[in-house]
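Chemist: Below is one structure. I have some questions about it.
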Amino acid sequence: WVYMFDGDFPGVREGLSRNPSGVEINSTYESGDASLTYSEVRLPNNGDAYLDYKIEFTAVKGGSSTPYLRFAELELPGHLEASLSPTLSPSISPTKNPTDSPTVTPTAGPSQSPSTSPSFDPTSSPTHPILECPSYLAGRLPLCTASKDSPCEFGLLRYEVLEESSPGASNGILCARVEIPNHDGWVGIGFSDNGSMTGSSIATTAVVGVPSSGTVLKYSLTARDKAGVYLMENQTLRGTSIFIDDADTTIMTFAKLLSETDEVEILTSGLNHFIAAKGGEFFLGDYHTPHYSNRQPGIEKDFSEDVPTSSPSFAPTMSPTTSKPSTPPTIAPSSSPTEPQPSATPTSSPSATPTSKPTFQPTVEGFAMPCPPAGDDPISLSSGSQRFQLSLANSACSIFIRKSTGALVPYARSYGGGVWEASPGPMAASMDSIDCTSSCLVELTPLDDLDDEYILVTKAARSTTNRDQIARWLEMTSFGPRMDEINALDDGVWSVEDRAAHLRQQIEIPMTSHREYFRERANAIWDDTSIPAKSDHPCSPGSKWRRYTYVEQDREYTRDDEYIYTTFETVEAEKDLEYFIFESDSFDEVNVGNGERGFNFRNRAHHSGIGYYDMHVQGDFIEWNITMQEADEYPISFRYASASKYGGGNSPLKLSVNGEVISSAYPFIYTDSWSMYKYSDMIDVTLNSGSNTIRLELAEDHSGPNIDHLRVGKPPAVVMKTNGWARTVLRNGISLLNGWPMVWDETTEVSFRSYPDPPQGDLWLFGANYGRLQLRFPTGAEKFLEAGNPPVDFTGYEQYLPNNYFSFDHL
């Protein structure tokens, strides 16, 4: 069912005039209804041919009245038009078409023959094609007023011209939508042969709509006053409607045949002349658009100047295939009835009937919505699969998600006549949801927020000069255009040959490295205790960009917010490396300077063993006596926690090995919390075979760190891989800030609990959020990586480098 109209029945005793349009209706009920116990609801003009109509009553009477409706009669005013309804046959039942002559002809009937034969032949095609207007009219024609103060504010004609497309069709149609803002009266648009109101060789044809009656009809204009306006007998408009929207704009729609007898032809190629008018009552006054007769510039349009669009095929889904009777009835009707009927029913049925009745619903296969003209308001779209035409050569056509806040989120785009593609951005269409040939099928997925909507909008590209094109070329083929390069290439012509010559010239130049240029503009070392102002581009001189591994986009996929997963892999060549842990929990393990008071078994989480040693008094020390199997040089480090901001977040200790001072100020950097543990920097020391003493001493007057344990030896390096791609190598193994130990294998997948933070400035000064990387494990545990957001570093592990990766040393 095709929705046509709805409305409410007004009260029956409100003095309303029945049939306000004045259309003659032969009804016995009307004459028998002197008490006005009837009512009506207005339906729009219907120019389409349908076989059935359905009326649905969605509510009953309200108030205290009896809750049901009573009907003595339902009238649907209208007329039957043979040329639009091939189911009507002049000699037999209109629902069937025989292939052979009836075996019995009528034997009685009217005594006179009609003056003309019925015009309908069921074997022929309709008089004009059954075309259907698209839901979106791409054409735009401003209707300009004669007023010199506001030259183009009268209104707008939206249109689409559909030429012949049905087999045997002799015509096409103009689909029109006339919009007159700030107006609530009648509106009209006329088709003139010379731009004047009355025309020259043929009278102007005007389509006039009246909102109060809901009529949209054709009139002939023979004079410039009401007396010269005649309702035309041949009313062939289809799809008519007229209404006033919420913005007080009167909108009239209709479909008109391009060529009709005794009417101005609408040309698909050539100049068409239009006039337009509006008013509160039916009179002609000052409210009309320019036309030739009052020496104002007229409204003209050559439809062939429009860029062709692919219109749908509007052929009927089924046409009658049976032929008319070979022998006409022997006795014809005595007068000219509107629908000839036989005087008697044939004694036998037709020998064949169509398998199904014609529906005359258009076949709209592959219809693609054109992009709106640049500058027009956006078009709202519904979700689901929709086909769109490609953009024009010098325009960009885009689909956005318009949020309830008014923000626009890019979804898909076509530009420069290219196929549709996903737009960059977090809500971009999946390329799997775009299928393109000469047009593109785009899947508009349902939106979660009901206040959001899809819109289609076009932006025109500005005309480009030679210099613009040269700059674009340099942007594509180099590190960017320079004015001297543009000047050198701009000799007035920029052709394909010029581009090829420039490309060949660049290829023949000896290859150089941009490494020095880049190193002058990228500082990989943070050498300040504060965050200075910095450029937002890594290639700007003096920029302060660090080579950290992960950015916010590494947390989740931008389209569906699904987490991205990271795995860990031990470097194969280091799997057999050994390292040793020496705890600091009791006198059995260490000698200490502050006695038992230094040992701490309080509920501070995340340490190894059963506790730690708290160095907080000057002169305090902790000393390990360890035994090594072989004398060699070993890397050592200490796991510790420190929340002291002394000395700019550094609480150094004196490190001695076997009585020799290795460092008088071995750094222990701020970890943000007494429960957050990390390893000190590895330092190489020489150890003897057998017994060795390793000592840390708090030589200065400040609070020292909590020492968890001593580590001797280097753990195997670990490769961090995201989506299977190596991102960096943790040279000294992997551990956690707030957990011990880290349990994992190469199948463990972790996601990032929060967005990765760039390491900027000093942790003690700016807090824990800088440079942190919080992992979520399969068990649900959420822990911080001890290495933080690590630097990109494959030095010594180049075998794990991804393709096309380059590196450089610190300055």
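Chemist: Give the ranking of ASP432, ASP468, ASP684 by solvent-accessible surface, highest area first, calculated with a 1.4 Å probe.
Modeler: Numbers: ASP432 150, ASP468 35, ASP684 95 Å².
From most accessible down to least: ASP432, ASP684, ASP468.
Chemist: Order LEU577, LEU653, most accessible first, counting only protein heavy atoms with a 1.4 angstrom probe. Could you put the intermediate results ahead of the total?
Modeler: On the way: LEU577 75, LEU653 0 Å².
Ranked from most to least accessible, the order is LEU577, LEU653.
Chemist: Please work out how much accessible surface CYS133 shows to a 1.4 Å probe, ignoring ligands, DNA and RNA, in Å² rounded to 10.
Modeler: In the full protein context, CYS133 sits at about 50 Å².
Chemist: Follow-up. Give me, ordered by chain and number, the residues 5 or more places off CYS436 or on other chains with an amide H under 5 Å from its own placed amide H.
Modeler: Distant-sequence amide H within range of CYS436: LEU441.
Chemist: If you don't mind, another one. In whole Å, what are the Cα extents of the stretch 406-449 along the three principal axes, biggest one first?
Modeler: Dimensions of the stretch 406-449 along the principal axes of its Cα atoms: 32, 20, 15 Å.
Chemist: If you don't mind, another one. Using the Kirkwood radius over C-alpha pairs as Rh, can you work out the diffusion coefficient of the stretch 374-432 via Stokes-Einstein at 4 °C, viscosity 1.567 mPa s, in µm² per second? The partial results should precede the final answer.
Modeler: Numbers: Rh = 12.3 Å.
Estimated via Stokes-Einstein, D reaches 106 µm²/s.
Chemist: Each residue of the stretch 497-502 in order: what ³J(HN,Hα) in whole Hz does its phi give by Karplus 6.51 cos²θ - 1.76 cosθ + 1.60, θ = phi - 60°, with x for Gly and Pro?
Modeler: Computed from phi, the couplings for the stretch 497-502 are 5, 5, 5, 5, 5, 5 Hz.
Chemist: Okay, next question. Would you mind listing how long the stretch 657-769 runs along its three principal axes, going by Cα atoms, in whole Å with the largest first?
Modeler: 49, 38, 21
Chemist: What list of ³J(HN,Hα) couplings, whole Hz, do you get for the stretch 651-660 from phi and the Karplus terms 6.51, -1.76, 1.60, once you set θ to phi - 60° and write x for glycine and proline?
Modeler: 10, x, 10, 8, 9, 10, 10, 6, x, 9
Chemist: Taking θ as phi - 60°, what are the ³J(HN,Hα) couplings along the stretch 380-392 by the Karplus curve (6.51, -1.76, 1.60), each to the nearest whole Hz, with x for Gly and Pro?
Modeler: 6, 10, 9, 6, x, 7, 9, 9, 10, 6, 6, 5, 6
Chemist: Could you order SER513, SER430 so the one with the most accessible surface comes first? Probe is 1.4 Å.
Modeler: On the way: SER513 90, SER430 40 Å².
From most exposed to least exposed: SER513, SER430.
Chemist: Ok, one more. If amide hydrogens are placed 1.01 Å from N in the peptide plane, which non-local residues have theirs closer than 5 Å to the one on LEU736?
Modeler: Amide H neighbours of LEU736: MET742, GLU786.
Chemist: Given H placed 1.01 Å from N in the peptide plane, which residues other than close sequence neighbours of LEU381 have an amide H under 5 Å from its amide H?
Modeler: TYR454, ILE455, LEU456
The values are calculated or read from the model by the stated rules, or taken from the named source; none is laboratory data. If you're wondering where the values come from, they're calculated on a predicted model, not measured in any experiment. Just the protein is used for accessible areas: all its heavy atoms, side chains included, with ligands, DNA and RNA removed. Shrake-Rupley method; radii C 1.70, N 1.55, O 1.52, S 1.80 Å.
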